[in-house]
Each structure stands twice: as C-alpha cells, then as structure tokens.
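Working notes, beginning with the structure itself.
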Amino acid sequence: MNPPNLTQKLDARKEQGAFRTLRLSALSIDFCSNDYLGIARGRKLTHDPGLSSGSTGSRLLAGNYPLLNMVEEEIATFHHAEAALVYNSGYDANVGLLSCVPQKGDTILYDALSHASIRDGIRLSFAQAFSFQHNDVEDLEKKLKAASRGSIYVVTESLFSMDGDFCPLEPIVELCTRYGAFLIIDEAHATGVEGAKGEGLVQHKGLEHACFARMHTFGKALGCHGAAILGSTLLKEYLINFSRSLIYTTALPPASAGLIKASYHLFPGMEAERAHLRALIKQFQAALLPYTRVGGVSPIQAVLIPGNEAVKSVAAQLQESGLDVRPILYPTVPKDAERLRIVLHAFNTHEEVELLVNLLRKKV
C-alpha cells in the first residue's frame, strides 16, 4: 500500500510529458554521455586485482588507507591546492561542503542555473541564500552590495552542464576580491577538458589563489568515480569534522582510489584528444541549423526545441537513426527552454557530427 500523493505526483509528471524512466543505451553513436575524452568507453583505466573492492567503513573508522591519502596528495599537487579531500561523488561533495561551511547569519549567492547538488547543499545550510541571474556579474554585484551581514559565499560552476557555457570567471573573481566574498567553483564538467592538461578553468586562468574551494569530479572526463574538494588544510580539517556526507558514509574502496590515481596519470597527457574535441566543437558550431542554440565553446551543445513532447519527438527520431541524443525536459530546465543536450567526445568523428547536423537540418 502506498501513500496517495505518490500516484498524484507521478500522474502530474505524465500530464506534463515529463515522466522519467530508466533506459539502456543502445549500440549507437554516443552524443549523450559525459565521457568527454573516451577514457571510460575505451577502457583505458585498468583495475588492479590486488586492490580491495571494499573500504569496510567511513574515513573516520576503517575506511581510511594509505592509497587514498596518496591520491589526495597527488590531486592537490596537480591542481595547485594546499589540500584535497576525496568524496564518493560530486553530489556528495557539493552537499557536504555547502551544508556545513556557511553558518547562520552568512549569505550564499549562487548562479541561478547551478546544479541540483549545489541547491540541495544550500537548502541544508543555515545561511540565507539568494540566486543571481545566470552569468550576470551586474546582478551579482547588486546582491553583494545587499549582503551586509556575516561571511559571503559566491557559488558558481566553471562549465554549466545544461547550457554548455563557461562562467565569466575573471569578473567574478574581481567582485569577490572587492567585496571580501569567498568563491566556490564547481569544475565538474571542465575537469579533464579545459586547459592544456585538462586542469580546469580556474587553473587555466591562473586564479587558484582566488578560490576558497574548488570541486572536481572523476565520473565524467576522467572515466572513473568520485570527487574531491580542493582548498586549504584548514578547510580539509573542518570538512573532516563537520561534513556529514563524508563522515556518515562508507569511503570509496581502494579499487576506486587506484582508478582515480591511474586517471590522473593519464588525462593530462591527452592533448591530441582535447585538440580533436575542439575541432568537433568548431565543426558543430559552424553548422547552420533551424533551431536556436545556447552555450559556448565546450563539448556540451544545447539545441532548443520548446515543449516536452516536441523535443522528445526529435530525440526519438535521432535515436531511430542510430544517434544517442537525449532530450532535457521541463522541469529540469525552464519551461519553453527544453532542449537536446548534445555532447561531443574525443572519440566522435567528423563524419558522425556531419550526420547529426544533416539530420537536424531536415528537422528529422
């Protein structure tokens, strides 16, 4: 027997054309996954059979071990940070950071298009929070001027997962410096892709010193699993003591830590893959399409097709043609901003991109 509200809410989703189901990826051309460099697809990371598949406890109990500490030290060194703390996922990292660091009387200012993990972490915080218009530094400054009490935290993403655009990092850093705000950057989709070695937008711009905290994930371009928060040694000590999503969960197993370590030895040298990816992005952006597009020069290309049913119809036709392209529906994105989220990868070919473009030109 189930509570009646479950059925009611699911029925409402169906009426909106927004009902979600799990589906398996068919053997088709991948324009969907976040495997930007093809590390996961190409099985480029090998599992060490000598590493345990279970950590047997939380980091504060049985789940801490030398390899995990070594991985954190290597990650911190690579990203020019004082310290790194590994979490089980990017979601856990954002929730764990934002729920415990900002305190009652503090203010959090976050980009209106911030990921759900950022929003959920903010919900669990005792600080007051206000969004600023997406990538709008003038609106951010208005909110900074109005935030007169406590510490101020500015939270944004370097590369946004739905629009595929980068944040205006330099102006945001300048504002945070001027108003004494603490900057938190989610580098999830830029890790492995942005910068000469895939180090992310912050390092690419040489602005590591300007960030209070950075979050990098390993489940996208890095082809494995987990995440890390970068910051000061003091921040790491604080999170170990107060971050509930770290304290009260079983730690990543040594097998996972080994794959993270292997990926950090692999992806910085994948210059050819990043160059090919940039060429595919240029090719797709140069194509004339009968749809509005949003985003920037990134692997994530958003093609707007307003209406849940309309975008699902186009996605279904592309899938029938052998292309794995997924629709993003309201309420994940704002109403009338439904879109195809097209992801380009280093393993895609120019011919595959041309096939996609031709199908879109015909409005399939």
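The values are calculated or read from the model by the stated rules, or taken from the named source; none is laboratory data. Since this is a predicted model, take the numbers as computed values, not measurements. Positions of Cβ are generated from backbone atoms using ideal geometry, with glycine treated the same way; all protein chains shown enter the neighbour counts.
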Only one of Leu318, Leu289 is touching a residue at least 40 places away in the same chain (Cβ under 8 Å), touching a Leu at 6+ places or on another chain (Cβ under 7 Å) and surrounded by fewer than 16 Cβ atoms within 10 Å (Cβ to Cβ), namely Leu289
Can you name every residue in region 27-52 that is loosely packed, with under 12 Cβ neighbours inside 10 Å and closer than 27 Å to Leu360 by Cα? Leu27
Only residues that are in a loop (DSSP other than H, G, I, E, B), touching a strand residue (DSSP E or B) at 6+ places or on another chain (Cβ under 8 Å) and buried (at least 17 other Cβ atoms within 10 Å of the Cβ): list them for region 321-364, please. Val325, Val333, Ala337, Glu338, Leu344, His345, Phe347, Asn348
Residue satisfying condition, being in contact with an Asp or Glu (Cβ under 8 Å, 6 or more places away or on another chain), at pLDDT below 95 and under 21 Å from Gly231 (Cα atoms), within set Gly150, Gly90: Gly150
Considering only region 1-25, state which residues are among the hydrophobic types (A, V, I, L, M, F, W, C) and surrounded by 11 or more Cβ atoms within 10 Å (Cβ to Cβ). Leu10, Ala12, Ala18, Phe19
Spans of helices (runs of 4 or more DSSP H) in region 200-309 with at least 3 residues on the phi < 0 side of the Ramachandran plot and among the charged types (D, E, K, R): 271-286
Report yes if some residue within region 133-144 is closer than 21 Å to Pro168 by Cβ, touching a residue at least 12 places away in the same chain (Cβ under 8 Å) and polar (S, T, N, Q); otherwise report no. yes
Give the residue, chosen from Ala62, Ala18, Ala76, Ala84, that is more than 26 Å from Arg149 (Cα to Cα), without any contact (Cβ under 8 Å) to a residue 24 or more places away in the chain and of a type in the set (Gly, Ala, Ser). Ala62
Can you list residue pairs whose Cβ atoms sit under 9 Å apart, with the first residue in region 233-249 being under 16 Å from Leu98 (Cβ atoms) and the second being among the polar types (S, T, N, Q) and exposed (fewer than 12 other Cβ atoms within 10 Å of the Cβ)? Count only pairs 6 or more apart in sequence or on different chains. Ile247/Asn241
For region 62-75, how many residues are touching a Gly at 6+ places or on another chain (Cβ under 9 Å) and assigned to a helix (DSSP H, G or I)? 2
Mind listing whichever residues of region 1-37 are farther than 26 Å from Ala316 by Cβ and assigned to a loop (DSSP other than H, G, I, E, B)? Met1, Asn2, Pro3, Leu37
Quick one: would you say Ser99 is of a type in the set (S, T, N, Q) and at pLDDT below 95? no
Taking first residues from region 200-211 that are over 10 Å from Leu169 (Cβ atoms) and assigned by TED's automatic domain parsing to the domain that holds Glu174 and second residues anywhere that are charged (D, E, K, R) and buried (at least 16 other Cβ atoms within 10 Å of the Cβ), the pairs with Cβ under 8 Å that are 6 or more apart or on different chains are Gly200/Glu187; Gly200/Glu194; Gly200/Arg214; Glu208/Arg214
